[in-house]
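> This is the structure I have questions about; it appears just below.
The values are calculated or read from the model by the stated rules, or taken from the named source; none is laboratory data. All values reported here derive from a predicted model rather than from experimental measurement. Cβ placement follows ideal geometry from the backbone for every residue including glycine, while neighbour counts extend to all protein chains displayed. To get the accessible areas, we keep the full protein, side chains included, count just its heavy atoms, and leave off ligands, DNA and RNA. Shrake-Rupley method; radii C 1.70, N 1.55, O 1.52, S 1.80 Å.
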Amino acid sequence: MKDAVYYLPIVTTVVSAVFTLLIFQRWRERGRPGHLFWWGLGVAVFGIGTFFEGFTALFGWHAAVFRGWYITGALLGGAPPAQGTVFLLLPRRTARWLAAALVCYVAIAAVFVLLTPLDASLTDDHKLAGDVIEWTWVRAFSPLVNTYAFVFLVGGAVASWARYRREGNVRRSWANAFIAVGAVLPGIGGSFTRAGFTEVLYVTEFIGLLLIFAGYRLSTAPAAATSASEREPLPQAAV
């Protein structure tokens, strides 16, 4: 049963692909707003990361796959959808500057991830973990990006949950609650990987994505819309 968990990222990748298509379809329909672009990009990157995890479970550990996984998963994490929330909460000019800074920061960090030697003696045939990186200081890039993601993605969803709860908007408040919890879960799973329990990450990634997907569907369900404000694409602090 434990080995079966290593194949869960394959299912997560499929769900991510469907979710990505739905978001970009809505992005086109609504005039290509910045927040939906970044959310679609974020879900796509998330799916690429879980694809690398599933590939490793099926075909074994490869250096190139590991580097791709570290960039899309451990480094980027929830930063792209958090940037989508930035486009909703902050002035467009500020959001664009923050987006440019995020892209530059991640690009620099990614170069070091691609260049660092890897300790093959620490590899596992069927799972991925960051402890194989020999330039250990490279791993220090990810906390800042993860903090950025937490502040805007989780913090924005929590703030919107509180707002809609005060207004008595049950649908919107539940949607934001699902998104907030779903965004936190992969981070919790990531902390277990540092203790050697990578399979916990695979479970929390899957459940987290399902919760965010549920929040998206709940907030965009046309049957639930009762006013113009109810027909917005997602809760104010989310997609």
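> So which pairs qualify, if the first residue must be in the stretch 99-120 and polar (S, T, N, Q), the second must be open to solvent by less than 60 Å² (accessible area, probe 1.4 Å) and part of a helix (DSSP H, G or I), the Cβ gap must be under 6 Å, and the two must be at least 6 apart or on different chains?
T116/V138
> Then there's this: For the stretch 5-18, which positions are open to solvent by 60 Å² or more (accessible area, probe 1.4 Å) and either more than 17 Å from T220 (Cβ to Cβ) or over 16 Å from the mean Cα position of the chain (by Cα) (or both)?
Matches in the stretch 5-18: Y7, I10, V11, V14.
> Restricting to the stretch 140-150, give me the number of residues that are open to solvent by 80 Å² or more (accessible area, probe 1.4 Å) and touching a residue at least 40 places away in the same chain (Cβ under 8 Å).
Counting residues in the stretch 140-150 that are open to solvent by 80 Å² or more (accessible area, probe 1.4 Å) and touching a residue at least 40 places away in the same chain (Cβ under 8 Å) gives 1.
> Taking only the stretch 19-36 into account, find how many residues are within 16 Å of F213 (Cα to Cα) and either open to solvent by 70 Å² or more (accessible area, probe 1.4 Å) or basic (K, R) (or both).
Residues flagged as within 16 Å of F213 (Cα to Cα) and either open to solvent by 70 Å² or more (accessible area, probe 1.4 Å) or basic (K, R) (or both) within the stretch 19-36 amount to 3.
> While we're looking at this one, here's another question. Against the condition over 15 Å from T72 (Cα atoms) and surrounded by fewer than 14 Cβ atoms within 10 Å (Cβ to Cβ), how does A157 come out, does it pass?
For A157, the condition - over 15 Å from T72 (Cα atoms) and surrounded by fewer than 14 Cβ atoms within 10 Å (Cβ to Cβ) - is not met.
> Among the residues of the stretch 55-106, what is the count of those that are within 16 Å of V145 (Cβ to Cβ) and either of a type outside the set (G, A, S) or modelled with pLDDT under 95 (or both)?
24
> Identify the single condition in (1) surrounded by fewer than 20 Cβ atoms within 10 Å (Cβ to Cβ); (2) modelled with pLDDT of 85 or more that A228 does not satisfy, given that it satisfies every other one.
In the conditions (1) surrounded by fewer than 20 Cβ atoms within 10 Å (Cβ to Cβ); (2) modelled with pLDDT of 85 or more, A228 misses (2) alone.
> Next question, about the same structure. Could you list, in sequence order, the residues of the stretch 160-186 that are modelled with pLDDT under 90 and open to solvent by 50 Å² or more (accessible area, probe 1.4 Å)?
W161, R163, R165, R166, E167, G168, V170
> Follow-up question, since we're still on this one. Would it be correct to say that A44 is modelled with pLDDT of 95 or more and either closer than 26 Å to V151 by Cα or of a type in the set (K, R) (or both)?
So A44 fits the description; yes.
> I would also like to ask the following. Looking only at the stretch 48-62, how many residues end up being surrounded by 24 or more Cβ atoms within 10 Å (Cβ to Cβ) and out of contact with any Gly (no Cβ under 7 Å at 6 or more places or on another chain)?
So the answer is 2.
> Name the residue, out of L118, L88, that is open to solvent by less than 80 Å² (accessible area, probe 1.4 Å), over 22 Å from the mean Cα position of the chain (by Cα) and not hydroxyl-bearing (S, T, Y).
L118
> Let me ask something else about it. Among the residues of the stretch 75-82, is there at least one that is touching a Ser or Thr at 6+ places or on another chain (Cβ under 8 Å), more than 17 Å from F24 (Cβ to Cβ), of a type in the set (A, V, I, L, M, F, W, C) and open to solvent by less than 30 Å² (accessible area, probe 1.4 Å)?
Yes, the stretch 75-82 contains at least one residue that is touching a Ser or Thr at 6+ places or on another chain (Cβ under 8 Å), more than 17 Å from F24 (Cβ to Cβ), of a type in the set (A, V, I, L, M, F, W, C) and open to solvent by less than 30 Å² (accessible area, probe 1.4 Å).
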